[in-house]
1. If each of residue A:15 and residue B:173 carries a label point 7 Å out from its Cα toward its Cβ, how far apart are those two points in nm?
2. Please list 3J(HN,Hα) in residue order for segment A:139-145, calculated via the Karplus relation 6.51 cos²θ - 1.76 cosθ + 1.60 where θ = phi - 60°; whole Hz, with x for glycine and proline.
3. Could you sort out which of B:182/B:216; B:158/B:252; B:54/B:139; B:158/B:187; A:47/B:84 sit more than 20 Å apart by Cα distance in this structure?
4. Using a cut-off of 20 Å between alpha-carbon atoms, which aspartates and glutamates can reach residue A:197, once sequence neighbours fewer than 8 places away in the same chain are excluded?
5. In terms of modelled amide H atoms, which long-range or inter-chain residues lie less than 5 Å from the amide H of residue B:20?
6. Can you list the HN-Hα couplings for segment A:32-42, worked out from phi with the Karplus curve (6.51, -1.76, 1.60; θ = phi - 60°), rounded to whole Hz and with x for Gly and Pro?
7. Can you work out the FRET efficiency for the pair residue B:104 and residue B:199, with r the C-beta to C-beta distance and R0 = 35 Å, to the nearest 0.05?
8. Restricting things to Cα coordinates, could you compute the convex hull volume per residue of segment B:156-209 in Å³?
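No lab work stands behind these numbers, since they all come straight from the coordinates. Treat the numbers as computed from the prediction; the structure is a model and nothing was measured. As a convention, Cβ positions derive from the backbone with ideal geometry for all residues, glycine included, and neighbour counts pool all protein chains shown.
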Amino acid sequence: MATTDIKLIPLRCPDCGKDIESGEDDLVHFCSNCGSGFEVVLDKFKKVNIIFVKPKEEFANKKLYYLPMWQILSKISINKKLNIDISQIPTEILANDRFTSFLAGLLKKEKPIDKMMFFVPAFGVTNRYQLMDQPGYLFTVKPPKLESDSPKDMVGAEYSLEDAIELAKVMFLSIQYHTDKGLMGLKGADITFDYEKARIAGIPFYEEKGMLVDGLKGYKIFKNALKDWDKIKAKLEKN
Amino acid sequence: MAKSAGAVIAFSCPNCGSEIDVIEGYTTTKCKFCNSSLLITNKIGAPRVFARPKTDKPKNILRERFGMNIQIIDVSLIYVPFIKVSSEIIGWLGGYKKGVVVQEPTYTDSGMNIDTMSTPRLVGEKRVKKRIRRILEVKLDPSEFYRYGINRVSTEGKKFEVYDDEILHRFGDVFDLPLSIKEYMEKASDMLIDEIIRDYRDFDDFEYYLRAIKKKAIIYFNPIYFARIKSGGEFYTYSFDAVNGKALVKDKGKKRKEESKKVFVGINTLYGIIGTVGITLSLISSSMGRGLSFVLALFAGFFLWWLQYGND
């Protein structure tokens, strides 16, 4: 009997039936017509919650391009009490009261368990991405206020939810990477991440001198840190 | 283990039936003829593909390569799987390696001055702190036919088709995967992470947090011809890729040669023994009855088998 465990199927929105044009490496697809998003897990479609974020008023008249970011709410438990000096944590993290109190609270508790929201870029990136301040990291440290907007055309996501959860863990554990005084020993801390819920946030960006600037906080990404930016731009402008 | 050039996988468009060539690892594609956007799905977590053999006359190829006078003992086609796993390794690493304090004799115009040593200096001290975000690829050989040169099989320039059990078995035997695809993915992730940290094994203090994400695997079934030949009095095992004819391994079977000599040189002796045993049995059976002669025949059979294969 012939076995066919791999097949081609037309890429159409499961909600409204409109054809979707996606990138070759995309794992999450978005419908520009009805704004729904879905992941393909093996051969099944799985709906993804999605929010298109309204830009700040001062950026609203710019030519905006929407890039997807996973927004993940996770419960973090540190299973072994650690003796960590909070003053070792870098300034960009300390500048944010919410994050500092979260971390400090988490580390001081007898049974440290708390919830945290992570922003993880879901768009394809190049190696250039790691050389700069990452908007995902900065959004996590200083979360923006998200207001819902009407559906937009958005580039597909190359990172699945499963991958994004791993990226969030790396982001959290990278706090020790950022310390100046060596390693903080979070690795040996036996940290559990229990993912609670997630959605994709379509974040507006505009172009400015070789950079892409987000329309919420003004954080910047090099255009060439995005995989195939010119192709993405051409596709978004065509629609 | 950087990313290799992609193989091409042939599909039929579900809308217009045209042939579409998709580069390995892609999740979507577009039909050039009807312009429909298409999604590549699979049920087992990794697509299985196969290539058709380009030749069905392997003996001709063997004679072209080794001459007309070779003796081809046997030749068979086996579909051997290999799995390409690519992944993005993310995380960070940091470590410290102690240096060694070095002090050397000083030199003057008249030569080495062993009484005065140079100022001590630290050599080989290293400190590393890196963010990692790297796409890597590894090829696994589930058959573990390393000695047949399976690691030399490449996908480059080949056209693969969607796996079809029936078609594969028409050409030859198929080596099934001993483990699940999940287990191979885990094995590949460990190998890729190990590739990054292996440079820091001699560090005194080393910590890392590395994870494999965006894992993609493709299972290729490539037809390989395995042949046993005798050429110039020597015995060889020879394997070659049935798609592009590339030689994989020509292994001079030393042990096999000695064993074979024993069998082939002694074949006349063996026939002599068979004849003698046959005559003896017929004489015994006439005088001792069928039961005993049957048991003796079994012993004789076992003895002959032992002569042939007992030392393998």
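1. Going from the residue A:15 label point to the residue B:173 one covers 5.4 nm.
2. 5, 5, 5, 10, x, x, 8
3. With Cα atoms farther than 20 Å apart: B:158/B:252; B:54/B:139; B:158/B:187; A:47/B:84.
4. A:39, A:114, A:147, A:158, A:162, A:163, A:166
5. Here B:11, B:12, B:13 satisfy the definition.
6. Ordered by residue, 3J(HN,Hα) equals 6, 7, 10, x, 7, x, 8, 9, 10, 10, 6 Hz.
7. After rounding, the FRET efficiency stands at 0.80.
8. Numbers: hull volume 8.8 nm³, N = 54.
Enclosed volume per residue, from the Cα hull, is 164 Å³.
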